[in-house]
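The values are calculated or read from the model by the stated rules, or taken from the named source; none is laboratory data. Treat the numbers as computed from the prediction; the structure is a model and nothing was measured. Ideal geometry is used to build each Cβ from the backbone, glycine not excepted, and the neighbour counts take in all protein chains shown. All accessible areas refer to the heavy atoms of the entire protein, side chains included, with ligands and DNA or RNA removed. Shrake-Rupley method; radii C 1.70, N 1.55, O 1.52, S 1.80 Å.
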Amino acid sequence: MEKNTLFYVILAILVTQYLAHQFLEYLNAKRFQSTLPPELADVFDENEYRKSQQYKRANYKFGLISDGFSLVLTVCFLVLGGFEWVDRLTRSITEDTIPMALLFFGIIMFGSALLGLPFSYYKTFVIEGEYGFNKTTKSTFLSDKIKGTLLTLVLGGGMLALFILFYISTGRNFWIYMWVAVGVFILFINLFYSRLIVPLFNKQTPLEEGSLKKSIEDYAKKVGFELQNIFVIDGSKRSTKANAYFSGFGKEKRITLFDTLINDLNEDEIVAVLAHEVGHYKRKHIIANLFASLFTTGVTLFILSLFINHPEISLAIGVSTPSFHAALVGFALLYSPISEITGLIMNYLSRRFEFQADNFAKRTFAASPLISSLKKLSKKSLSNLTPHPAYVFVHYSHPPLIERIRNLKA
Ligand SMILES: [Zn+2]
């Protein structure tokens, strides 16, 4: 198999990323034993605290093994010429650019999904099961995997085919057309996520009439927030963990509450969580996130357009016949350090948005029910109350509980 310098650059990137992430995990794990700040003393009792530490340790070990496995597998695949082998196999079936690319990605993704299945199973049924979080039945697990794969096949395959079609028909400018297409797609998914995607996996029912709905509506009216869609989702079907989220905008905007959230929190706490979500909307975080992802997509596609025609990029993953699909994989691997940096910026932004949404809830509703709801949710999910700052900086899209409480009390 031919190898060029970029081939070794990719290997170096993969190994460095693994080591850097494991180092962060290690730093974080060293703090599992820390004594809790006084503000958090009432989150767990002694028993629960011990349980939360064991849960963190179990996840830490699991990550070490599953990430290690995936690194070894990827490196072996590269070094032993796996991409070249799949490329040849694909070419023996079809030489048409689009079906060839679909088949190439299809085989690789199917293979990696299959190898990831035991890990996903272990995580859901052994780790989450042991700590009492898991409510997923084997049949839900299986149907989730099948539906997820089909969805990726349809949406991912469709986008890939469109991508290549633009590349073939518009040459160098393909990235602009693709940018527009991705933009429309992101917008569409944002708008209709709850209407089209969620029903494939969950049942959503409008929040029933009653005092909770009345409190929510009273609050929404007070802050001038037009709210027609409040839905309850059957999150309890999969896990005991609770959540609430906001989706869509304009007439499609809706708030979705997990049934687990409604069971675990009292009315004031639910309204406080909702006030936080309304804060995201009012402070235009939804739109900001949308623009940020549009912007990064545009930059990525533009850079891709500069490199896609270089045979070196295909050769970088050991594929000797240059092609769009091989270059796409090579580019994705070479670009991953930049994606990581973009991820850091997005996480930083997201943590700031969380503070702003908390402040909105504090100003328009109250701080103390939000504090108690955050504590309850952290307790229920056995959250890490003492994460390492470096770990937070890289991985957390939400500030750690202690920072949110301090900000809410300020
Ligand atoms: Zn938030």
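Residues in region 316-347 that are over 22 Å from L160 (Cα atoms) and away from the ligand (no atom under 16 Å from the Cβ) were compared, and the one that is nearest to the chain's Cα centre (by Cα) is G343. Residues that are surrounded by 12 or more Cβ atoms within 10 Å (Cβ to Cβ) and acidic (D, E) were ranked within region 203-248; the one that is farthest from the chain's Cα centre (by Cα) is E217.
Applying the condition of being without any contact (Cβ under 8 Å) to a residue 60 or more places away in the chain and buried (at least 16 other Cβ atoms within 10 Å of the Cβ) to region 293-310 and asking which residue is nearest to the ligand (Cβ to nearest atom) yields T296. Of the helices (runs of 4 or more DSSP H) lying entirely inside region 348-410, those containing at least 1 residues that are under 25 Å from A288 (Cβ atoms), within 14 Å of the ligand (Cβ to nearest atom) and more than 23 Å from the chain's Cα centre (by Cα) span 367-380, 401-409. Residues that are modelled with pLDDT under 95 and hydroxyl-bearing (S, T, Y) were ranked within region 317-338; the one that is nearest to G106 (Cα to Cα) is S323.
Here E208, E226 are screened, and the one residue that is charged (D, E, K, R) and under 18 Å from K251 (Cα atoms) is E226. Select from region 346-386 the residues that are closer than 15 Å to H398 by Cβ, in contact with an Asp or Glu (Cβ under 8 Å, 6 or more places away or on another chain) and open to solvent by less than 30 Å² (accessible area, probe 1.4 Å) and list them in ascending order. Within region 346-386, A357, L370, S373 qualify.
Only one of the numbered conditions (1) in a helix (DSSP H, G or I); (2) open to solvent by less than 60 Å² (accessible area, probe 1.4 Å); (3) not hydrophobic (A, V, I, L, M, F, W, C) is violated by E340, and that is (2).
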